[in-house]
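Reading through the structure tokens given below for one structure.
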Amino acid sequence: MGVNLNVFLPGLQRSEQILNRSGHNVANINTDGFKATDSLSGKTNYSVSSFRFTGNNLDLAIEGDGFFRVRDSEGNAFYSRQGGFSFNAAGEIVDSNGHKLDVDFTLNPSQPFAINKDGAVFQDGAQVGKINVFNFNGKQELQKHGGGYVTALNEEPGISTTASISAGFREGSNTDIAEEQVAQILGSTAYKANIKGIKVMDEIIGETLDLLG
């Protein structure tokens, strides 16, 4: 009969992708450092979001492009803009998932310390080390992971010379709720249109079979 209901499948899949991406973005609207995925194109938006003051010296926000580098318990490197750090039981600087900030110094958690805009870290009146900001040229080639992490398969990051660090601040999510509302309307409309098309085509097939019956 030349009728193929699968013609509607790509449209259904695309509308589901739009709705899933948008739902994920909205779910992370309060996640520090979260970078939203464009619900329509699937590309990640790495724009810098707004900062909020916390007053905690281990809350760090990056002004400009770049990422903090952390390592898991196996030494694997991950990159993130979620700068909510703290000390673990061993006195190491870790993120909310326990991944260690990739630095070559240690601090005494019981003593005051300061972190400058360039990432220089001071304690007891002397510089003890530096927190680097890393950047990639091909951001759209980065692979996203759970927890707000990214990794690169084909590129080694360089140390940024333009980004700076604001201690006592956290960067918020860059999810734009207005954009997500539009995306959800478009996704829902497309989904309903494809479902309606399938139903209409199914009815036509049924009527045709009845006539041929």
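A compact table of results
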item: Tally of residues being open to solvent by less than 90 Å² (accessible area, probe 1.4 Å) and of a type outside the set (S, T, N, Q) across region 100-117; result: 9
item: Per-region count, region 22-48, residues crowded, with 17+ Cβ neighbours inside 10 Å and closer than 16 Å to T189 by Cβ; result: 2
item: Leading residue by the ranking (farthest from G55 (Cα to Cα)) among those in region 75-87 that are open to solvent by less than 50 Å² (accessible area, probe 1.4 Å) and outside any strand (DSSP E or B); result: G75
item: Residue satisfying all of: in region 49-74; of a type outside the set (S, T, N, Q) and within 19 Å of G146 (Cβ to Cβ); surrounded by the most Cβ atoms within 10 Å (Cβ to Cβ) among these; result: F67
item: Flag if N97 is under 17 Å from E156 (Cα atoms) and surrounded by 12 or more Cβ atoms within 10 Å (Cβ to Cβ); result: no
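Okay, residues lined up against (1) under 12 Å from the mean Cα position of the chain (by Cα); (2) not in a loop (DSSP other than H, G, I, E, B):
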| site | (1), (2) |
| --- | --- |
| G33 | yes, no |
| S39 | no, no |
| Y46 | yes, no |
| R52 | no, yes |
| N56 | no, no |
| I62 | no, yes |
| D65 | no, no |
| R69 | no, yes |
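The values are calculated or read from the model by the stated rules, or taken from the named source; none is laboratory data. Since the model is a prediction, treat every value here as computed from it, not as a measurement. Ideal geometry is used to build each Cβ from the backbone, glycine not excepted, and the neighbour counts take in all protein chains shown. With ligands, DNA and RNA removed, areas are computed over all heavy atoms of the protein, side chains included. Shrake-Rupley method; radii C 1.70, N 1.55, O 1.52, S 1.80 Å.
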